[in-house]
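One structure is given here, and the rest of the page talks about it.
Nothing in this text is a laboratory measurement; each read-out follows from the coordinates by a stated rule. These numbers were taken from a predicted model, which means no experiment stands behind them. Positions of Cβ are generated from backbone atoms using ideal geometry, with glycine treated the same way; all protein chains shown enter the neighbour counts.
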Amino acid sequence: MPLIEVRDLSRVYDLDSGRVTALGGVSLDIEAGDLVAVMGPSGSGKSTFMNLVGCLDRPTGGHYRLDGVAVETLSGDGLAELRNRKLGFVFQQFNLLPRVDACANVELPMVYAGLDGKSRRERALAALARVGLGDRAHHRPMQLSGGQQQRVAIARALVNQPRLLLADEPTGALDSRTALEILALFQDLNREGVTVVLVTHDAEVARHARRVVRFRDGHVIADVRQEPADARLALAAHDTAAPMPEAAE
Ligand SMILES: Nc1ncnc2c1ncn2[C@@H]1O[C@H](COP(=O)(O)OP(=O)(O)O)[C@@H](O)[C@H]1O
Ligand SMILES: [Mg+2]
């Protein structure tokens, strides 16, 4: 049974100015353990698709099963619980709370899950260590680089041990080396069994996926499997090809 099973899924917006078909009937299976890149031009329906798969939005037509559960049969509470238990989200703009430290940001999903303070703190610190930020737990987002903020967001997404990580343009705000670090982390998590679906504009990012699905005008127009590039190898090559400049001045 696929982890994600989407059949003729659509999302239409009825606006005063007319109807907008954001997603025009998409059918797609994603197997547990896969690492999928979703590509396509701006406005092609990528975020709409991710929001439906992530149960942040409801379709106007079609069917969606997540891990065998027909999502359309769930109530609002049921959806929220499913989201909290099975899904982690990462966005381009990190979406961290600015006034609290990394640890408190990572604790947030566990507050919703009703865990006690001590367990929350322990698990948040473990998740931060997992993404290489064990020594930054008490920094606020402003005190961290973009790549570090995105790793906090990934720690937050992982803290309830989801089966599925959804990332919408997770490297869109990062430089190419930092993007590779994030991809290396996704590849590690994927090897540990987390299914990853990430949206990207960037063919260089998509090379690190096992499968590339292309959207256009709310439809899937291509779907190919590939041998993924290894982000850790690319990182090593990146550092050899572009050494840090000497302190010349
Ligand atoms: N809340 C909304 N109301 C009206 N139209 C929307 C809304 N969200 C998205 N759309 C439209 O749906 C289409 C797909 O958008 P989106 O899924 O965000 O594309 P992408 O992520 O590929 O750039 C676009 O034409 C967009 O303008
Ligand atoms: Mg988008």
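Worth pointing out:
- Dipole magnitude of the chain about its Cα centre (Cβ charges: Lys, Arg +1; Asp, Glu -1), debye to nearest 20: 480 debye
- The magnitude of the dipole of segment 30-178, with charges of +1 and -1 set on the Cβ of Lys/Arg and Asp/Glu and taken from the Cα centre, is near 380 debye.
- Two-site FRET efficiency, SER42 against GLU192, from Cβ-Cβ distance with R₀ of 22 Å, rounded to 0.05: 0.10
- Residues of segment 146-185 with amide N under 17 Å of the 7 Å Cα→Cβ point at LEU233: 180-181, 183-185
- Placing a pseudo-label 7 Å from each Cα along the Cα-to-Cβ vector at ALA203 and SER27 gives an inter-label distance of 3.0 nm.
- Summing +1 for each Lys or Arg and -1 for each Asp or Glu among the other residues whose beta-carbon sits under 12 angstrom from that of ASP116 gives +2.
- Over the chain, relative contact order from alpha-carbon pairs under 8 Å, at least 6 apart, %: 26 percent
- Share antiparallel - DSSP beta bridges, segment 127-234, percent rounded to 5: 55 percent
- For segment 151-249, a simple Cβ point-charge model (Lys and Arg +1, Asp and Glu -1, everything else neutral) yields a dipole of about 560 debye relative to the Cα centre.
- Helical mean residue ellipticity (222 nm; -39500 (n - 2.57) per DSSP H run of 4+; nearest 500) of the chain: -11000 deg cm²/dmol
- Those residues of segment 11-55 whose amide nitrogen sits under 14 Å from the label point placed on GLN226, 7 Å along Cα→Cβ: 35-40
- Sorted peptide list for 127-133, 89-95, criterion being average Cβ within 10 angstrom, highest first: 127-133, 89-95
- Label-point separation, ALA113 to ALA173 (7 Å along Cα→Cβ), nm: 2.5 nm
- Dipole of segment 8-73 [Lys/Arg +1, Asp/Glu -1 at C-beta], most positive-end residue of GLY61, THR21, THR73: THR21
- Projecting label points 7 angstrom from Cα along Cα→Cβ for HIS138 and HIS63 puts them 5.4 nm apart.
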